[in-house]
């Protein structure tokens, strides 16, 4: 993408956000939509997040044990390494990347389909701020529910590491539990949740942008959906780097 | 009444509308007709603010919509009902919720009151039995009728219909035309219909503007259009062999 085009998209994105962050016409309808989106975005993603968290936790544990085969490294280091990997990066970032794929494509295709079938025009003609009506509830819902999803992912990651790590015979229950308690820094959880709040904004905002400005027919809506996922991931990784630099360095 | 003055719109080098002026009268079905690609839909989109024209004025009962600020535009829009070509019903809502939508957004009506109004509007378009269905379960004609019910739910002053007969069989087209005509008179609305269907023109065209290559080539009534000598209009009106034969017979008599 050339710089002029990038600047154009950044400018148009912020103009859209200025439309999005206005006072909703009817607060009751707005909150109804927020709760609907919390269910669709958050609760609806718990299944996939749970499965991935359990197995990723297990894989991290087994890989750590494989890497720490030296007699000089205590076995509890496996639990410690798994804990830090899960809290610092796996739960907030990898789960958000997965949600960017699942939620981002769903948001972009829903809004894109509304655009090409003139439903957004219908809202605008009625005098409804379509950007505010459609996008703000998704952003509020994501920013609200993503931290809960990530905390659940952290828990299930540890649980998967513990149960499957012990079952695989790479770590004992005592060593694993001792490892995850050893030198625990609550700030790491705070850092992970701060990142998640940003990701909770980035994913619905970037995806909605691509859906809102979709043109053409079903083919273009599909392309907008793909672009939404790709750009959500790029922006998410960029902010992951910036926030890590700001909060941990 | 809506008065459009000297509207110009271009997309890059392509001029779609040139100095279009017209008065859309209250209580009448005002038709904008013309061949495909002559700027009819663009004109409507300029009038309702979906596209910004390069220059010109759109006066809703004297208030210039284009120069109005965000809140004033919002106020005018709340008096606009629009029937889109494909219906543009909200997929995720039932028929009843579609009709109730504007009532929920812009009025303080209670649930019972909204439901009664929605049912009244659905009965008006002969679809009371479809209230619990979803748009995906409706036929093309039913979608248009629900869209009309949704448009009239808030008792708008202005009704825009973008090709209300496209994709419909002749019988359903006549039903839709009659419905538009009846509700225009009933609610004393300023109705703007975009069409290239000659049946509609002859059925409901109280006042007609003919667009040709973005320019208003002719204006008149449905009675006058049959006798017009303007070549572009005449070619449009008598496009079929059947109507050409009809014209020859008229001339001979």
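What follows is calculated from the coordinates using simple rules that are stated; it is not laboratory data. Keep in mind that what you see is a predicted model, and the values were worked out from it rather than measured. FYI the Cβ positions are ideal-geometry reconstructions off the backbone, even for glycines, and counts take in every protein chain you see.
Whole number please: convex hull volume per residue of the Cα set in segment A:1-89, in Å³? Before the final figure, lay out each step's value.
Values: hull volume 16.3 nm³, N = 89.
Roughly 183 Å³ of hull volume per residue.
Counting only other chains, and only Cβ atoms inside 10 Å, what mean value do you get across the residues of A:125-132? Please list the in-between numbers first.
Working: counts 13, 15, 14, 7, 2, 0, 0, 0.
What the average comes to for A:125-132 is 6.
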*Treating the Cα atoms of chain B as identical point scatterers in vacuum, please give the log10 of the normalised Debye intensity I(q)/I(0) at q = 0.08, 0.10, 0.15 Å⁻¹, two decimals.*
-0.32, -0.50, -1.08
*Inter-probe distance in nm under a simple model that places probes 7 Å from Cα toward Cβ, at residue B:186 and residue A:151*: 5.4 nm
*asked:* Please compute the modelled spin-label separation between residue B:35 and residue B:129, points set 7 Å along Cα→Cβ, answer in nm with one decimal.
replied: 4.4 nm
*Using only helices, what value at 222 nm comes out for the protein assembly as shown when you add -39,500 (n - 2.57) per DSSP H run of length 4 or more and divide by the total residues, to the nearest 500 deg cm²/dmol?*
-19000 deg cm²/dmol
*Provide the FRET efficiency to the nearest 0.05 for the residue B:199-residue B:25 pair, computing r from the beta carbons and using R0 = 22 Å.*
0.50
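For A:232, A:70, what's the fewest-to-most ordering of other Cβ within 10 Å of each Cβ?
Values: A:232 29, A:70 8.
Placing the least packed residue first, the sequence is A:70, A:232.
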*Give the order of A:50, A:207, A:117 when sorted by the count of other beta carbons within 10 angstrom, beginning with the fewest.*
A:50, A:117, A:207
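Once you wrap a convex hull around the alpha carbon atoms of chain A, what is its projected area averaged over all directions, in nm²? Walk me through the numbers before you get to the answer.
Details: hull surface 62.2 nm².
Spelled out: convex hull of the Cα atoms, projected over all directions, averaged, 15.6 nm².
Rounded if a/c is under 1.5, else prolate if a/b is larger than b/c, else oblate: which is segment B:22-129, with a ≥ b ≥ c the root eigenvalues of its Cα gyration tensor? Show your work: numbers first, answer last.
Details: a/c = 2.13, a/b = 1.57, b/c = 1.36.
Because a/c hits 1.5 or more and a/b exceeds b/c, segment B:22-129 counts as prolate.
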_Dimensions in Å of the protein assembly as shown - Rg and Dmax from alpha carbons_ = 29.5, 113
*Relative contact order (%) - segment B:93-152, alpha-carbon pairs under 8 angstrom, separation at least six*: 49 percent
*asked:* Output the 0 to 90 degree angle, nearest 10, between the alpha-carbon long axis of helix A:27-37 and the longest principal axis computed from the alpha carbons of chain A.
replied: 50 degrees
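Can you work out the FRET efficiency for the pair residue B:13 and residue B:75, with r the C-beta to C-beta distance and R0 = 41 Å, to the nearest 0.05?
On the way: r = 36 Å, r/R0 = 0.87.
Efficiency for this residue pair is about 0.70.
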*If each residue's Cβ is checked for other Cβ atoms within 10 Å, how do B:171, B:74, B:143 rank with the fewest at the top?*
B:171, B:74, B:143
_Take residue A:226 and residue A:70, extend 7 Å from each Cα along the Cα→Cβ direction, and tell me the distance between the two endpoints in nm._
4.6 nm
*Take the Cα coordinates of segment B:145-215, assign each an equal point scatterer, and use the Debye formula without solvent to give log10 I(q)/I(0) at q = 0.12, 0.17, 0.19 Å⁻¹.*
-0.31, -0.62, -0.76
*Mind jotting down the distance between the C-alpha centroids of segment B:183-226 and segment B:74-134, whole Å?*
26 Å
*Extent of segment B:93-152 along each principal axis, from alpha carbon coordinates, in Å, largest to smallest?*
32, 19, 18
_Principal-axis tilt of helix B:111-124 within chain B, Cα atoms, nearest 10 degrees_ = 30 degrees
